[in-house]
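Below: the structure, in structure tokens.
The values are calculated or read from the model by the stated rules, or taken from the named source; none is laboratory data. Given the structure is predicted, the values throughout are model-derived calculations rather than measurements. Methodologically, a virtual Cβ is constructed for each residue, glycine included, from the backbone with ideal geometry; neighbour enumeration extends over all protein chains shown.
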Amino acid sequence: MNKVLPGTYINFVSAARASAMLSDRGIVACPLELDWGPDGEVFKVEPEDVITNSRKVFAHDYGDDEMLPLREIFKNARVLYTYKLNQATKASNDMAEALYGGSRGNDIMISVAQNVDNESAWDVSTILAGRVVDTQTVASSANLVPNDYVKFKTFDLEATAGTPLTGGDNGEASGGDYQDFLDKVEGNSFHILACPTDDDTTKDLFVQFTKRMRDEVGAKFQMVGHKLNKPDYEGCISIRNDSEGILNVENALAGVNATVGVSQVVDDTKYGLVYWVAGAEAACAVNASCTAKKYDGEYAMICNETQSELEDCINNGELVFHKNGEDYCILSDVNTFTSFTEDKNSDFSLNQVIRVLDQIANDVASTFANMFIGKVQNDASGRTSLWNEIVSLHDQLQQIRAIQNFDSEDIVVNAVDTDKRAVSETESVQPTCAMEKLYMTVTVE
């Protein structure tokens, strides 16, 4: 209000309204041993890459045995960050080199034929496992451009029915490759980190990484592994059941969970359930639980625990499947935390509770980073704006029944006396859990 001349001066200001939104779930980070794909980099995969474009991305059809882990993950997940663990060698011949390393490159052939309409031109075809995936008509090999499968060399064009690429090798994954994956995936945001191995040293590496990221960096995700060595930590989920082979492929692709008619064993690892559980836990809504969730994947699981053994699994912090009629279902959606104290009770062993707490932590951090850092002054008005956004997030959680008994006074945002740039936020929250137990009393008169 510092104008000199007479007149009317009008400012338009939007009314304060909540803009914070709950983030979607369903993101998995999982390294894989692959026979095709980029080397030394984490790459993003979405369902259409597996279902529609699998040949382009992984050089395999959706139903191929090599795609089993990806089919398991995407039964539930919506995004995968993966990494080719094995140090693979590229296949090649005198005409081309495979775009990526791995044994799948050995299934590529290059065919050259004279063009039927132009005698001075040649049709150069790239053939993958008997299917033509690219054809280019050129007068010279110098005119050939790379496709999704090969990079061409300079060579003399002459007719050949099909010359295969050779020398492609998958190599073997080492502990250092898992460490490289963790180093490179650290900058990505995900909900579940999958540890697909039965090597105890590697599993411990994933556990320690998860603890550091959750407790020191503030990245809130959970890890899923097979028969972990009792981490006693809410960020780690340990699967009790072994898996053996897969079911009949035709039934598996149709979603039929039969226990007979196994046509072939294409994966004899015991940790196969890690893929499906990782996808299921990542995609589980913040107001839901994986308790009693039916397994609809392709692995045949070993599930023979007695009632007392099932109780021991829960008490030991193991996520275990049990037989429910003809189905296999998760008995209780628990993590490995078992050392309950007055400050940290048994609620922290429930993955639904951890999902709620992680959702709050991640969404508040995202809101602060996107809307406040370097943009809003640290005064009473600015702190009130931050308070409004955090309250809005909690209101949404209460509307979907992820939390209960929430009151805006449960959120407190204050200045930090020792740092003019810092604010502190404290809150109390009551996560809601899905029903798991019914105690019924019947009075007979």
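Below is a table of values for the structure above.
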{"read-out": "Subset tally (residues that are surrounded by fewer than 16 Cβ atoms within 10 Å (Cβ to Cβ) and at negative phi) for region 358-377", "value": "10"}
{"read-out": "Top-ranked residue of region 56-79 - restricted to ones that are crowded, with 19+ Cβ neighbours inside 10 Å and of a type in the set (D, E, K, R), ranked as farthest from HIS191 (Cα to Cα)", "value": "GLU66"}
{"read-out": "Test result for ASP358, closer than 25 Å to PHE221 by Cβ, part of a loop (DSSP other than H, G, I, E, B) and of a type in the set (Asp, Glu)", "value": "no"}
{"read-out": "Any hit, region 404-421, residues being surrounded by 12 or more Cβ atoms within 10 Å (Cβ to Cβ) and closer than 12 Å to VAL286 by Cβ", "value": "no"}
{"read-out": "From the options VAL116, VAL79, VAL124, residue that is β-branched (Val, Ile, Thr) and under 23 Å from the mean Cα position of the chain (by Cα)", "value": "VAL79"}
{"read-out": "Which numbered condition LEU205 misses (of (1) surrounded by fewer than 19 Cβ atoms within 10 Å (Cβ to Cβ); (2) at pLDDT below 95; (3) not aromatic (Phe, Trp, Tyr))", "value": "(2)"}
{"read-out": "Residue list for region 294-324, restricted to those being β-branched (Val, Ile, Thr) and either touching a Lys or Arg at 6+ places or on another chain (Cβ under 6 Å) or at positive phi (or both)", "value": "VAL320"}
{"read-out": "Residue among VAL50, VAL45 that is closer than 30 Å to SER23 by Cβ, free of Cβ contacts under 8 Å to residues at least 60 places away in the same chain, under 21 Å from the mean Cα position of the chain (by Cα) and buried (at least 21 other Cβ atoms within 10 Å of the Cβ)", "value": "VAL45"}
{"read-out": "Selection status of ASP117, free of Cβ contacts under 8 Å to residues at least 60 places away in the same chain and surrounded by fewer than 18 Cβ atoms within 10 Å (Cβ to Cβ)", "value": "yes"}
{"read-out": "Test result for GLY176, under 28 Å from CYS284 (Cα atoms), within 34 Å of the chain's Cα centre (by Cα) and loosely packed, with under 14 Cβ neighbours inside 10 Å", "value": "no"}
{"read-out": "Within region 334-353, considering residues that are touching a Phe, Trp or Tyr at 6+ places or on another chain (Cβ under 7 Å) and surrounded by 15 or more Cβ atoms within 10 Å (Cβ to Cβ), the one nearest to GLU318 (Cα to Cα)", "value": "THR336"}
{"read-out": "Within region 213-232, tally of residues that are over 19 Å from the mean Cα position of the chain (by Cα) and either at pLDDT below 95 or surrounded by fewer than 23 Cβ atoms within 10 Å (Cβ to Cβ) (or both)", "value": "7"}
